[in-house]
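Novice: First, the structure itself, so that you have it in front of you.
The values are calculated or read from the model by the stated rules, or taken from the named source; none is laboratory data. This is a predicted model, so every value here is computed, not measured. Only protein heavy atoms, including side chains, enter the accessible area calculation; ligands, DNA and RNA are left aside. Shrake-Rupley method; radii C 1.70, N 1.55, O 1.52, S 1.80 Å.
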Amino acid sequence: DAGITQSPRHKVTETGTPVTLRCHQTENHRYMYWYRQDPGHGLRLIHYSYGVKDTDKGEVSDGYSVSRSKTEDFLLTLESATSSQTSVYFCATGQGFTDTQYFGPGTRLTVL
Amino acid sequence: SQQGEEDPQALSIQEGENATMNCSYKTSINNLQWYRQNSGRGLVHLILIRSNEREKHSGRLRVTLDTSKKSSSLLITASRAADTASYFCATFQGGSEKLVFGKGMKLTVNP
(Lines give C-alpha, C1' and ligand atoms only; values in the text may rest on other atoms or scores of the structure.)
Protein backbone atom coordinates (compact mmCIF):
# COMPACT_ATOMS: atom_id res chain seq x y z
CA ASP A 1 0.00 0.00 0.00
CA ALA A 2 3.02 2.28 -0.56
CA GLY A 3 3.17 3.38 3.07
CA ILE A 4 -0.33 4.81 3.31
CA THR A 5 -2.35 4.38 6.44
CA GLN A 6 -5.83 5.51 7.27
CA SER A 7 -7.42 6.01 10.65
CA PRO A 8 -9.80 4.99 11.93
CA ARG A 9 -10.45 1.89 9.82
CA HIS A 10 -14.04 1.62 10.99
CA LYS A 11 -16.31 4.21 12.54
CA VAL A 12 -19.97 4.35 13.48
CA THR A 13 -21.36 7.75 14.29
CA GLU A 14 -24.66 9.54 14.57
CA THR A 15 -26.24 12.05 12.24
CA GLY A 16 -25.15 15.58 12.98
CA THR A 17 -21.84 14.77 14.62
CA PRO A 18 -18.50 15.92 13.19
CA VAL A 19 -16.12 13.26 11.92
CA THR A 20 -12.48 13.50 10.90
CA LEU A 21 -10.68 10.85 8.91
CA ARG A 22 -6.91 10.85 8.70
CA CYS A 23 -4.60 9.76 5.93
CA HIS A 24 -0.88 9.43 6.58
CA GLN A 25 1.80 8.70 3.98
CA THR A 26 5.48 7.95 4.25
CA GLU A 27 6.21 8.25 0.53
CA ASN A 28 6.67 12.02 0.34
CA HIS A 29 4.19 12.16 -2.54
CA ARG A 30 3.06 15.62 -3.52
CA TYR A 31 -0.53 14.72 -4.39
CA MET A 32 -3.09 13.30 -1.98
CA TYR A 33 -6.70 12.41 -2.69
CA TRP A 34 -9.86 11.45 -0.84
CA TYR A 35 -12.39 9.22 -2.60
CA ARG A 36 -15.61 7.60 -1.54
CA GLN A 37 -16.76 4.26 -2.89
CA ASP A 38 -20.41 3.33 -3.06
CA PRO A 39 -22.19 0.46 -4.80
CA GLY A 40 -23.18 1.44 -8.31
CA HIS A 41 -21.01 4.55 -8.31
CA GLY A 42 -17.47 3.28 -8.31
CA LEU A 43 -14.94 5.69 -6.85
CA ARG A 44 -15.74 9.37 -6.73
CA LEU A 45 -13.26 12.09 -5.89
CA ILE A 46 -14.15 14.25 -2.89
CA HIS A 47 -11.16 16.58 -2.53
CA TYR A 48 -7.52 16.51 -3.42
CA SER A 49 -4.32 18.28 -2.47
CA TYR A 50 -1.43 19.28 -4.70
CA GLY A 51 0.80 20.50 -1.90
CA VAL A 52 0.83 21.64 1.70
CA LYS A 53 -2.14 23.97 2.24
CA ASP A 54 -3.12 23.57 -1.45
CA THR A 55 -6.42 21.79 -1.94
CA ASP A 56 -9.20 21.68 -4.48
CA LYS A 57 -12.66 20.22 -4.83
CA GLY A 58 -13.56 17.01 -6.57
CA GLU A 59 -16.77 15.64 -7.93
CA VAL A 60 -18.65 15.20 -4.63
CA SER A 61 -17.23 17.81 -2.25
CA ASP A 62 -20.45 19.11 -0.66
CA GLY A 63 -20.51 18.42 3.07
CA TYR A 64 -16.78 17.71 3.23
CA SER A 65 -13.72 19.79 4.01
CA VAL A 66 -10.04 18.92 3.97
CA SER A 67 -6.80 20.19 5.37
CA ARG A 68 -3.17 19.48 4.70
CA SER A 69 -0.74 21.13 7.09
CA LYS A 70 2.10 18.66 6.46
CA THR A 71 3.19 16.72 3.40
CA GLU A 72 2.43 13.42 5.08
CA ASP A 73 -1.05 14.10 6.46
CA PHE A 74 -4.35 14.79 4.73
CA LEU A 75 -7.48 15.13 6.84
CA LEU A 76 -11.06 14.75 5.66
CA THR A 77 -13.75 16.30 7.85
CA LEU A 78 -17.46 15.79 7.73
CA GLU A 79 -18.71 18.88 9.56
CA SER A 80 -22.12 17.39 10.33
CA ALA A 81 -22.42 13.79 9.22
CA THR A 82 -25.50 12.64 7.32
CA SER A 83 -26.70 9.15 6.47
CA SER A 84 -25.86 9.79 2.81
CA GLN A 85 -22.21 9.97 3.83
CA THR A 86 -22.22 6.34 4.90
CA SER A 87 -19.56 4.93 2.63
CA VAL A 88 -16.08 3.51 2.34
CA TYR A 89 -13.49 6.27 2.13
CA PHE A 90 -10.16 5.79 0.45
CA CYS A 91 -7.11 7.97 0.57
CA ALA A 92 -4.64 7.88 -2.30
CA THR A 93 -1.32 9.53 -3.09
CA GLY A 94 0.66 10.22 -6.24
CA GLN A 95 3.98 11.77 -7.19
CA GLY A 96 2.75 13.66 -10.22
CA PHE A 97 -0.76 14.55 -11.19
CA THR A 98 -0.95 12.12 -14.10
CA ASP A 99 0.94 9.35 -12.37
CA THR A 100 -0.08 6.13 -10.72
CA GLN A 101 -2.07 6.54 -7.54
CA TYR A 102 -1.42 4.48 -4.44
CA PHE A 103 -4.34 3.68 -2.22
CA GLY A 104 -4.74 3.23 1.48
CA PRO A 105 -6.75 0.37 3.01
CA GLY A 106 -9.94 2.40 3.40
CA THR A 107 -12.18 3.58 6.23
CA ARG A 108 -15.68 2.20 6.54
CA LEU A 109 -17.93 4.93 7.93
CA THR A 110 -21.50 4.32 9.03
CA VAL A 111 -23.71 7.27 9.90
CA LEU A 112 -26.83 6.26 11.82
CA SER B 1 -19.63 11.98 -14.01
CA GLN B 2 -18.11 8.67 -14.95
CA GLN B 3 -15.51 8.79 -17.67
CA GLY B 4 -14.60 5.17 -18.12
CA GLU B 5 -17.21 2.46 -18.39
CA GLU B 6 -16.12 -1.14 -18.02
CA ASP B 7 -17.72 -3.94 -19.98
CA PRO B 8 -18.84 -6.52 -19.08
CA GLN B 9 -19.88 -5.59 -15.56
CA ALA B 10 -19.30 -9.13 -14.38
CA LEU B 11 -17.39 -12.07 -15.79
CA SER B 12 -17.04 -15.61 -14.51
CA ILE B 13 -14.45 -17.94 -16.00
CA GLN B 14 -12.52 -21.09 -15.19
CA GLU B 15 -8.94 -21.10 -13.99
CA GLY B 16 -6.54 -21.16 -16.91
CA GLU B 17 -8.85 -19.28 -19.26
CA ASN B 18 -8.18 -15.77 -20.49
CA ALA B 19 -10.24 -12.82 -19.28
CA THR B 20 -10.85 -9.73 -21.35
CA MET B 21 -12.31 -6.53 -19.95
CA ASN B 22 -13.14 -3.46 -21.98
CA CYS B 23 -13.26 0.20 -21.06
CA SER B 24 -14.78 3.02 -23.04
CA TYR B 25 -14.37 6.71 -22.36
CA LYS B 26 -15.74 9.94 -23.73
CA THR B 27 -13.14 12.71 -23.82
CA SER B 28 -9.49 13.01 -24.81
CA ILE B 29 -7.13 11.55 -22.26
CA ASN B 30 -3.57 11.92 -21.06
CA ASN B 31 -3.35 8.32 -19.94
CA LEU B 32 -5.54 5.38 -18.96
CA GLN B 33 -4.89 3.21 -15.94
CA TRP B 34 -6.19 -0.14 -14.74
CA TYR B 35 -6.59 -0.98 -11.06
CA ARG B 36 -7.59 -4.11 -9.18
CA GLN B 37 -9.50 -4.25 -5.91
CA ASN B 38 -9.75 -7.38 -3.84
CA SER B 39 -12.78 -7.63 -1.61
CA GLY B 40 -12.52 -5.28 1.36
CA ARG B 41 -9.18 -3.84 0.29
CA GLY B 42 -7.84 -0.72 -1.34
CA LEU B 43 -7.17 -0.42 -5.05
CA VAL B 44 -3.89 -1.63 -6.46
CA HIS B 45 -2.43 -0.16 -9.63
CA LEU B 46 -1.91 -2.68 -12.44
CA ILE B 47 -0.77 -0.80 -15.51
CA LEU B 48 -0.70 2.68 -17.05
CA ILE B 49 -0.86 3.29 -20.80
CA ARG B 50 -0.24 6.74 -22.23
CA SER B 51 -2.30 8.27 -25.00
CA ASN B 52 0.54 7.84 -27.51
CA GLU B 53 0.93 4.12 -26.73
CA ARG B 54 -1.13 1.35 -28.33
CA GLU B 55 -0.19 -1.70 -26.32
CA LYS B 56 1.55 -2.50 -23.08
CA HIS B 57 2.43 -5.73 -21.28
CA SER B 58 3.10 -6.54 -17.66
CA GLY B 59 3.47 -10.20 -16.76
CA ARG B 60 0.17 -11.89 -17.62
CA LEU B 61 -1.49 -8.55 -18.34
CA ARG B 62 -1.86 -6.99 -21.75
CA VAL B 63 -3.48 -3.62 -22.23
CA THR B 64 -4.42 -2.03 -25.52
CA LEU B 65 -5.55 1.49 -26.20
CA ASP B 66 -7.43 2.74 -29.26
CA THR B 67 -7.77 6.51 -28.98
CA SER B 68 -9.75 6.73 -32.23
CA LYS B 69 -12.45 4.52 -30.68
CA LYS B 70 -11.89 5.89 -27.16
CA SER B 71 -11.54 2.41 -25.78
CA SER B 72 -9.11 0.16 -23.96
CA SER B 73 -9.00 -3.51 -23.15
CA LEU B 74 -7.31 -5.45 -20.37
CA LEU B 75 -6.43 -9.07 -21.08
CA ILE B 76 -5.44 -11.39 -18.26
CA THR B 77 -3.96 -14.58 -19.62
CA ALA B 78 -3.95 -17.97 -17.88
CA SER B 79 -6.18 -16.69 -15.11
CA ARG B 80 -5.84 -17.89 -11.54
CA ALA B 81 -8.28 -18.00 -8.65
CA ALA B 82 -6.23 -15.19 -7.07
CA ASP B 83 -7.23 -12.94 -9.98
CA THR B 84 -10.75 -12.87 -8.58
CA ALA B 85 -11.35 -9.18 -7.88
CA SER B 86 -12.99 -6.05 -9.19
CA TYR B 87 -11.17 -4.24 -11.96
CA PHE B 88 -11.41 -0.54 -12.67
CA CYS B 89 -10.28 1.57 -15.54
CA ALA B 90 -9.45 5.20 -14.82
CA THR B 91 -8.60 8.07 -17.09
CA PHE B 92 -6.79 11.34 -16.79
CA GLN B 93 -8.60 13.79 -18.96
CA GLY B 94 -6.46 16.27 -20.80
CA GLY B 95 -5.62 19.29 -18.66
CA SER B 96 -7.17 17.82 -15.54
CA GLU B 97 -5.51 16.88 -12.27
CA LYS B 98 -8.22 14.34 -11.56
CA LEU B 99 -8.27 10.61 -12.23
CA VAL B 100 -11.80 9.55 -13.11
CA PHE B 101 -12.77 5.96 -12.38
CA GLY B 102 -15.30 3.71 -14.01
CA LYS B 103 -17.77 1.76 -11.89
CA GLY B 104 -15.72 -1.40 -12.07
CA MET B 105 -16.07 -4.93 -13.31
CA LYS B 106 -16.20 -8.01 -11.13
CA LEU B 107 -14.11 -10.95 -12.30
CA THR B 108 -14.60 -14.37 -10.74
CA VAL B 109 -12.10 -17.10 -11.56
CA ASN B 110 -13.36 -20.52 -10.54
CA PRO B 111 -10.80 -23.16 -9.49
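Novice: Distance cut-off 23 Å, Cα to Cα: go down the list B:LYS26/B:LYS98; A:LYS11/A:LYS53; A:LYS57/B:LYS69; A:LYS70/B:LYS98; A:LYS53/B:LYS103 and report the pairs above it.
Specialist: Table pairs above 23 Å Cα-Cα are A:LYS11/A:LYS53; A:LYS57/B:LYS69; A:LYS53/B:LYS103.
Novice: On to the next question. Please list B:SER51, A:SER69 in order of solvent-accessible area, largest first, computed with a 1.4 Å probe with all protein chains present.
Specialist: A:SER69, B:SER51
Novice: Round to the nearest 10 and report in Å² the accessible area of B:LYS70, as given by a 1.4 Å probe over the protein chains' heavy atoms.
Specialist: Its heavy atoms expose roughly 70 Å² to the probe.
Novice: Which whole-number value in Å² is the accessible area per residue of chain A, probe 1.4 Å? Present the calculation step by step, with values, prior to reporting the outcome.
Specialist: Working: 5010 Å² over 112 residues.
For chain A, the per-residue accessible area is 45 Å².
Novice: Let me ask something else. Measure off, as a whole percent, the carbon and sulfur share of the 1.4 Å-probe accessible area of segment B:5-110, all protein chains present.
Specialist: Of all accessible area on segment B:5-110, carbon and sulfur atoms account for 43 percent.
Novice: Using modelled amide H (1.01 Å from N, peptide plane; none on Pro or chain starts), what sits under 5 Å from the amide H of B:ILE29, excluding residues fewer than 5 places away?
Specialist: B:GLY94
Novice: Additional query: Just need the relative contact order of chain B here, percent rounded to a whole number, with Cα pairs under 8 Å and 6+ apart.
Specialist: Across chain B, relative contact order equals 39 percent.
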